[in-house]
1. Quick one: which of ALA40, ALA29, ALA65 is outside any loop (DSSP other than H, G, I, E, B), open to solvent by less than 20 Å² (accessible area, probe 1.4 Å) and not basic (Lys, Arg)?
2. Assuming ALA92 fulfils every condition listed in (1) modelled with pLDDT of 95 or more; (2) open to solvent by 50 Å² or more (accessible area, probe 1.4 Å); (3) among the aliphatic types (A, V, I, L, M) apart from one, which condition is it?
3. Of the conditions (1) at pLDDT 95 or above; (2) over 19 Å from MET90 (Cβ atoms); (3) among the hydroxyl-bearing types (Ser, Thr, Tyr), TYR25 satisfies every one except a single condition; which number is it?
4. Check whether at least one residue in region 15-25 is without any contact (Cβ under 8 Å) to a residue 24 or more places away in the chain, in a helix (DSSP H, G or I) and not β-branched (Val, Ile, Thr), and report yes or no.
5. Restricting attention to region 11-24, and to residues there that are farther than 13 Å from TRP55 by Cβ and under 10 Å from the mean Cα position of the chain (by Cα), which single residue is most open to solvent (accessible area, probe 1.4 Å)?
6. I'd like the residue in region 43-53 that is of a type outside the set (Gly, Ala, Ser) and without any contact (Cβ under 8 Å) to a residue 40 or more places away in the chain and, out of all such residues, is most open to solvent (accessible area, probe 1.4 Å).
Amino acid sequence: MAPQEFEDDVRRVLERLTSGTVMTYGEVALEAGHPGAARAVGTFLARGGTGLPWWRVVTSTGRLAPGHEREQAQRLRSEGVRMNNGRVVMRARSKDPK
């Protein structure tokens, strides 16, 4: 698969995330049709996710993006996302972002 195809697939998923919605890197990869590519999603966001709601993506344990924790936490809190000890309080997703 070409890198551009992967990036386009991930971009489509991220563009559908609405305010207050949080997904894990693994969930984004799965929704994009690339199960197991959680790290690649993180790499894409770190290198070229300009204009995408990167702050709505966290690790499976709710950990924030290294080096961007303060900004990410502030953005998420402003959208009503609950935090505890510097991590997102993860809850079951009730709605498919498609």
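The values are calculated or read from the model by the stated rules, or taken from the named source; none is laboratory data. Bear in mind the structure is a predicted one, so any value in this text is a computation, not a measurement. A quick note on method: Cβ atoms are made from the backbone with ideal geometry, for glycine too, and the neighbour counts reach across all protein chains shown. Only protein heavy atoms, including side chains, enter the accessible area calculation; ligands, DNA and RNA are left aside. Shrake-Rupley method; radii C 1.70, N 1.55, O 1.52, S 1.80 Å.
1. When all the criteria are applied, what remains is ALA29.
2. (1)
3. (2)
4. no
5. THR24
6. In this case the residue turns out to be ARG47.
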